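Read through the structure below, which is laid out as structure tokens, and then see the notes.
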Amino acid sequence: MSEAGPEPVPLSRQDLREVTAFAATCARTVLAVFEADRPDDPRPRRALDTAREFARGGERGKALRDAAWAALKAAQATEDAAAREAARAAMAAAGAAYLHPLAKATQVKHILGSAAHAARAAELAAGDDRAVGEDHLRRAAGHATGPLVDVLGRYPAAPPGGGRTGELLRRLDAALRDRGPR
């Protein structure tokens, strides 16, 4: 970071689509956790559908932002911790399209936040079994394309904090950086 602030990061529309596709894939794996708790609440599913639409060439506009905010509200509407994390994964998937082209560690949450929330949802749904979360991270890493890892490498490492979800974020970040682009 310079005295003027964080350095700019080159980021194309295709980069944003790669990040969003990865995030939506990760969040979709735990959508059923939310839907089991709140079967009449379509907001996380809509967020994922909107994220997928953007990843496939759709517009990055109001519908995507609104879907992300709605999934966050769905997360706040449930008392079930696993369902809350699953809805946050959907929110993060829709929000991934809004990755900022600034070299700030917090931007890693836009890239990997959906995967971290999904892993936390999976482990909470399994009685807080951390092995389930770690397995979920391994599968998420398997979905990471070379272009996604390249985008990740343009940013500083994930920031500290965030409790268990933050820990999962940092573990996935480190694993993907160690692997490098494929």
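The values are calculated or read from the model by the stated rules, or taken from the named source; none is laboratory data. On a predicted model such as this, the values are computed, not experimentally measured, just so you know. A quick note on method: Cβ atoms are made from the backbone with ideal geometry, for glycine too, and the neighbour counts reach across all protein chains shown. Just the protein is used for accessible areas: all its heavy atoms, side chains included, with ligands, DNA and RNA removed. Shrake-Rupley method; radii C 1.70, N 1.55, O 1.52, S 1.80 Å.
Looking at 106, 78, can you tell me which residue is assigned to a helix (DSSP H, G or I) and of a type in the set (Ser, Thr, Tyr)?
Values: 78 fails: assigned to a helix (DSSP H, G or I).
That would be 106, the only listed residue that is assigned to a helix (DSSP H, G or I) and of a type in the set (Ser, Thr, Tyr).
For segment 36-59, enumerate the residues that are outside any helix (DSSP H, G or I) and touching a Lys or Arg at 6+ places or on another chain (Cβ under 6 Å).
Correct list: empty.
Could you grab the pairs with beta carbons closer than 7 Å, sequence gap of 6+ or different chains, first residue in segment 116-128 and closer than 16 Å to residue 26 by Cα, second one at pLDDT 95 or above and among the polar types (S, T, N, Q)?
The qualifying pairs are 116/165; 117/165; 118/29; 120/165.
Please state which one of 50, 25 is in contact with a His (Cβ under 6 Å, 6 or more places away or on another chain) and modelled with pLDDT of 95 or more. Walk me through how you get there before you give the answer.
Details: 50 fails: in contact with a His (Cβ under 6 Å, 6 or more places away or on another chain).
Unique residue meeting the criteria: 25.
Find the residue count for segment 142-163, including only residues that are touching an Asp or Glu at 6+ places or on another chain (Cβ under 7 Å), in a helix (DSSP H, G or I) and either open to solvent by 10 Å² or more (accessible area, probe 1.4 Å) or closer than 20 Å to residue 123 by Cβ (or both).
1
Okay, residues lined up against (1) touching a Lys or Arg at 6+ places or on another chain (Cβ under 7 Å); (2) aromatic (Phe, Trp, Tyr); (3) within 21 Å of residue 166 (Cβ to Cβ); (4) crowded, with 21+ Cβ neighbours inside 10 Å:
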| site | (1), (2), (3), (4) |
| --- | --- |
| 5 | no, no, no, no |
| 13 | no, no, no, no |
| 34 | no, yes, yes, yes |
| 61 | no, no, no, no |
| 71 | yes, no, yes, yes |
| 81 | no, no, yes, no |
| 86 | no, no, yes, yes |
| 101 | no, no, no, no |
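Please find, within segment 164-175, the residue that is most open to solvent (accessible area, probe 1.4 Å) out of those that are in contact (Cβ under 8 Å) with a residue 24 or more places away in the chain and of a type in the set (Lys, Arg). Outline the logic, then answer.
Filtering segment 164-175 down to residues in contact (Cβ under 8 Å) with a residue 24 or more places away in the chain leaves 164-166, 168-169, 171-173, 175.
Adding the requirement that they be of a type in the set (Lys, Arg) leaves 164, 171.
Working: 164: 27, 171: 119 Å².
So the residue we want is 171.
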